[in-house]
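S.K.: Take a look at this one; I'll ask things after.
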Amino acid sequence: MLRQALLAIAKSERAERVISSSRLTSDVVARYVASDVGAVIGELTRKGLLVTVDHLGEEVTDESQAEAAVAEYVRLLGLLPAGADVSVKLTALGLRLSRELALGHAATICREAAARDVTVTLDAEEHDTIPWLHSVHAALREDHPEVGVVVQAYLPDSLERCDGLAGARVRLCKGAYTAPGAYTRPADIDRSFVRCLKILMAGTGYPMVATHDPRLVRVAATLAVLAGRDQTGYEHQMLYGVRPDEQLRLAGQGARMRVYVPYGADWYAYLMRRLAERPRNLAFFLRSLLSR
Ligand code: FDA
C-alpha cells in the first residue's frame, strides 16, 4: 500500500514541486545522490569498487532536454576511469518523443563511451517502455555488442527475456516501478529472480546481479560456481548509499562489486523510488524533516 502510494507520488508534478523546492530534504538526498560526482567516483575507485554512473533525469518531453542529457553524458565520460559504466534511461534521451530519437542519442553515448573503454547499460523503466527498451538494445548491439540492459524480475516474462539475451551484459534487478500483472509478493519476485539468475549464469553473457538482498547475493555466488564462472565472470551491483559495508566486504573478497552512482538536480523520482523500496527510509525522511 505504502509502496504504491510513494510510487504514485513519484509521478506527481505537484508533489515534486513541493518536495524538490524544500531545502529540508537535503539529508535524505545526500544519502542516495552524489553531490560531487567526481569526488564520489574517485573515493569508490580508491576503495576497489567499480562504478556505474547515472545522470538523473527521465521522462523528458522536449528535444532540447534530450540533447542536454547526451551532452552531460559526454562530459561525464571524460571524468570516468577505464572499466567504468554509465547507466542511461531511454526516457531521458527522448523515448517518449520517438524511438528513433532515443536510439540515435543512445548510439552517440555508446560511441563516446567505447572510445574511453567505458560500457553503457540501459536502465529498465515503466512497463510501457520495456518493449522499446529491448528493441533499442537489440539495435544498439549490432554496432556495440557490449551494451547492457536491465531485466526486472517482477515482470512475469523476465525468464523469456533472459533466454533471449544470450551473450549479452544483463543487469538483473527486482524492479522498482509498478506494472500490471507484475509479481508483487516478495516470495514470487525472489523466485523469479533466482530462475532468471540460473539462466544468466548458465548462459554465455555477463550477468550483473543488482540486489542488496543478502540471500540473493549468496545465491548468485553459488550459482556462479555451479556454472563454472570465476569472480571475473559476473558482478554484484548495489546502489550508492545502500549497504556500503557489504559493498566493501564483497570487494574485499575479490568479487567485482559495482556501485550505481546517481547525480544531478533531477533527483526527485529516483529518491521516491528509494523511499518506496524500504518503509524504514520514510521514517528517516520524516525524522530529517522534523529535526530542522
Ligand atoms: P529488497 O528491496 O528486498 O532489499 C533487500 C535489503 O536491501 C533490504 O532489507 C535493505 O536492507 C536493503 N535495501 C534495499 N533497498 C534499500 C533502500 N532503498 N534503502 C536502504 N536499504 C535498502 N530497478 C528498475 O526497475 N530498473 C532499473 O534499471 C534498476 N537499476 C538498478 C541498478 C542497481 C545497481 C540496483 C542495485 C538496483 C536497481 N534497480 C532498478 C532497483 C531494484 O529493482 C530494486 O528496487 C532495489 O534494488 C531494491 O531491491 P533489492 O533487490 O535490493 O531487495
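What follows is calculated from the coordinates using simple rules that are stated; it is not laboratory data. None of the values given here were measured: they were computed from a predicted structure. Note: ideal-geometry Cβ built from the backbone for every residue, glycine included; neighbour counts use all protein chains shown.
S.K.: So how much slack lies between residue 215 and residue 26, counting 0.36 nm per residue of separation and subtracting their Cα-Cα distance, in nm?
M.R.: Full extension from residue 215 to residue 26 adds 64.9 nm.
S.K.: How large is the helix-only mean residue ellipticity at 222 nm for the chain, computed as the sum of -39500 (n - 2.57) over DSSP H runs with n ≥ 4, divided by its residue count, in deg cm²/dmol to the nearest 500?
M.R.: Rounded to the nearest 500, it is -15500 deg cm²/dmol.
S.K.: Which of 72, 142 comes first, and how do the rest follow, when ranked by fewest Cβ neighbours within 10 Å?
M.R.: Result, fewest neighbours first: 142, 72.
S.K.: Extension gain residue 15-residue 71, at 0.36 nm per residue separation less the Cα-Cα distance, in nm?
M.R.: Length gained, residue 15 through residue 71: 17.3 nm.
S.K.: Say R0 is 35 Å: what FRET efficiency, to the nearest 0.05, do residue 166 and residue 253 get from their beta-carbon distance?
M.R.: 0.75
S.K.: I would also like to ask the following. Compute the Cα gyration tensor for the chain, then decide on rounded, prolate or oblate, letting a ≥ b ≥ c be the square roots of its eigenvalues: rounded whenever a/c is under 1.5, prolate when a/b is larger than b/c in the other cases, and oblate in all that remain.
M.R.: Rounded, because the longest to shortest axis ratio a/c is under 1.5.
S.K.: Exposure proxy check: 277, 13 ranked by fewest other beta carbons within 10 Å?
M.R.: Ascending Cβ contact count within 10 Å gives the list 13, 277.
S.K.: Would you mind telling me which residue in 192, 35, 12 has the biggest mean-square fluctuation in a Gaussian network model of the chain, where springs connect alpha carbons within a distance under 10 angstrom?
M.R.: For the chain, modelled as a Gaussian network with Cα springs under 10 Å, the answer is 12.
S.K.: Sequence neighbours fewer than 8 away in the same chain don't count; with that in mind, list the lysines whose C-alpha is under 24 Å from residue 198.
M.R.: Reachable lysines: 174.
S.K.: OK, next. Could you grab the relative contact order for region 185-269? Cα pairs under 8 Å, six or more apart, rounded to a whole percent.
M.R.: Averaging sequence separation for qualifying contacts and normalising by length gives 24 percent for region 185-269.
S.K.: Taking Cα centroids, how far is region 110-158 from region 226-283 in Å?
M.R.: First find each Cα centre; the distance between them is then 19 Å.
S.K.: Follow-up question, since we're still on this one. Build a GNM of the chain with springs between Cα atoms under 10 Å: which of 122, 80, 97 gets the top mean-square fluctuation?
M.R.: Among 122, 80, 97, the largest mean-square fluctuation in the Gaussian network model of the chain belongs to 97.
S.K.: Relative to the present Cα-Cα distance, how much length would full extension add between residue 283 and residue 184 at 0.36 nm per residue of separation?
M.R.: Gain in length upon complete extension: 33.4 nm.
S.K.: A further question on this structure: What list do you get for 9, 109 if you sort them by fewest beta carbons within 10 Å?
M.R.: With the sparsest Cβ surroundings first, the list reads 9, 109.
S.K.: Now for a separate question. Let me check against my output: what whole-number percent is the relative contact order of region 34-266, with C-alpha pairs under 8 Å and at least 6 apart?
M.R.: After rounding, I find 21 percent.
S.K.: Compute a Gaussian network model of the chain, connecting alpha carbons closer than 10 Å, and tell me which residue from 269, 39, 202 fluctuates the most.
M.R.: Largest GNM mean-square fluctuation: 39.
S.K.: Can you give me the relative contact order of region 147-196 as a percent, contacts being Cα pairs under 8 Å and 6 or more apart?
M.R.: 48 percent
S.K.: Is region 17-109 rounded, prolate or oblate when judged by the Cα gyration tensor, a ≥ b ≥ c being the square roots of its eigenvalues, rounded requiring a/c under 1.5 and prolate requiring a/b larger than b/c?
M.R.: oblate
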